[in-house]
Amino acid sequence: MRILSEQKGRSMIEMLGILAIIGVLSTGGIAGYTKAMASYRANKLADQVQTVVANYIYYKETTSNRGEFFKPEFINKILLPPEMIDKDGNCIHALHGRCLISQNSDGSDEFVVRFGDLDRDICVYLLTLPYNGYTKLMTVNKVGENTVLSSGWGTRFTGVVTTSEAAKYCVDEQNAVRWHF
């Protein structure tokens, strides 16, 4: 009788080891992708704020008809990038939250940009952007989903805000950041 001692293929233990390695690598890849996408969205949000403000400054310096600045048609057509306007004509930022661009409620010539529905990390990030030193005033407050973005003042800042200072005033969810130019 002849006994064959030569095996072909892989054992179950070897296959389970390979699957475990693939699982660990996949988990790391998904975590890295998630972090990269969060960073992309935060940068896109900052770009949107910068675009709106740059458009406003450009048209303020090159246009004598300032009465148009605060009309919704002008804001949607000239100041906002097309991706920030939903099918109903509302302002929506990169994180799918509400935004509001308008004249200051006191009737002054101040241009006010408000971004709402922000989590704590994004709130801190927006409050600490380098161009914030050029604003007249910044505020952060908590707004509920059914709360109008223009309501409530919250905490006021002038000049550059440190990360630790911003972290004290940004809550876990539903933050709104307001810039006055």
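The values are calculated or read from the model by the stated rules, or taken from the named source; none is laboratory data. Predicted model only: the values in this text are computed from it and were never measured. Virtual Cβ from ideal backbone geometry, glycine too; neighbours counted across all protein chains shown.
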Checklist entry - Could you give every pair whose Cβ atoms fall below 9 Å, whose first residue belongs to the stretch 126-137 and is crowded, with 18+ Cβ neighbours inside 10 Å and among the hydrophobic types (A, V, I, L, M, F, W, C), and whose second residue is part of a helix (DSSP H, G or I) and at pLDDT below 85, counting only separations of at least 6 or pairs across chains? => result Leu126/Asn132
Checklist outcome for this item: Reported set for the stretch 98-138 where residues are aromatic (Phe, Trp, Tyr) and assigned to a helix (DSSP H, G or I) is Tyr125, Tyr131, Tyr134
Next on the checklist: Six or more apart or on different chains, Cβ atoms under 6 Å: show the pairs whose first residue is in the stretch 68-83 and closer than 14 Å to Leu100 by Cβ and in contact (Cβ under 8 Å) with a residue 24 or more places away in the chain and whose second is surrounded by 12 or more Cβ atoms within 10 Å (Cβ to Cβ) and of a type in the set (Val, Ile, Thr).
Outcome noted: Ile75/Ile101; Leu79/Val52
Checklist entry - Restricting attention to the stretch 158-181, which residues are surrounded by fewer than 22 Cβ atoms within 10 Å (Cβ to Cβ), touching an Asp or Glu at 6+ places or on another chain (Cβ under 8 Å) and either among the small types (Gly, Ala, Ser) or closer than 24 Å to Ser108 by Cβ (or both)? => result His180, Phe181
Checklist entry - Can you name every residue in the stretch 35-61 that is modelled with pLDDT under 85, surrounded by fewer than 16 Cβ atoms within 10 Å (Cβ to Cβ) and not aliphatic (A, V, I, L, M)? => result Lys60, Glu61
Next on the checklist: Any residue that is touching a residue at least 24 places away in the same chain (Cβ under 8 Å) and more than 17 Å from the chain's Cα centre (by Cα) - is there at least one of those in the stretch 113-123?
Outcome noted: no
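Collect the residues in the stretch 50-77 that are in contact with a strand residue (DSSP E or B) (Cβ under 6 Å, 6 or more places away or on another chain) and part of a helix (DSSP H, G or I), keeping them in residue-number order.
So in the stretch 50-77, the residues in contact with a strand residue (DSSP E or B) (Cβ under 6 Å, 6 or more places away or on another chain) come out as 52, 56, 70, 75-76.
Hits for the stretch 50-77 are Val52, Tyr56, Ile75, Asn76.
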Item to check | Checklist (1) assigned to a strand (DSSP E or B); (2) out of contact with any Phe, Trp or Tyr (no Cβ under 8 Å at 6 or more places or on another chain); (3) small (Gly, Ala, Ser) applied to Gly29, failing item | outcome: (1)
Checklist entry - Of everything in the stretch 139-157 that's modelled with pLDDT of 75 or more and part of a loop (DSSP other than H, G, I, E, B), which residue is surrounded by the most Cβ atoms within 10 Å (Cβ to Cβ)? => result Val143
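Report whether or not Asn104 is at pLDDT 80 or above and either surrounded by 12 or more Cβ atoms within 10 Å (Cβ to Cβ) or not polar (S, T, N, Q) (or both). Even if it seems obvious, please write down each step before you answer.
On the way: at pLDDT 80 or above: no; either surrounded by 12 or more Cβ atoms within 10 Å (Cβ to Cβ) or not polar (S, T, N, Q) (or both): yes.
For Asn104, the condition - at pLDDT 80 or above and either surrounded by 12 or more Cβ atoms within 10 Å (Cβ to Cβ) or not polar (S, T, N, Q) (or both) - is not met.
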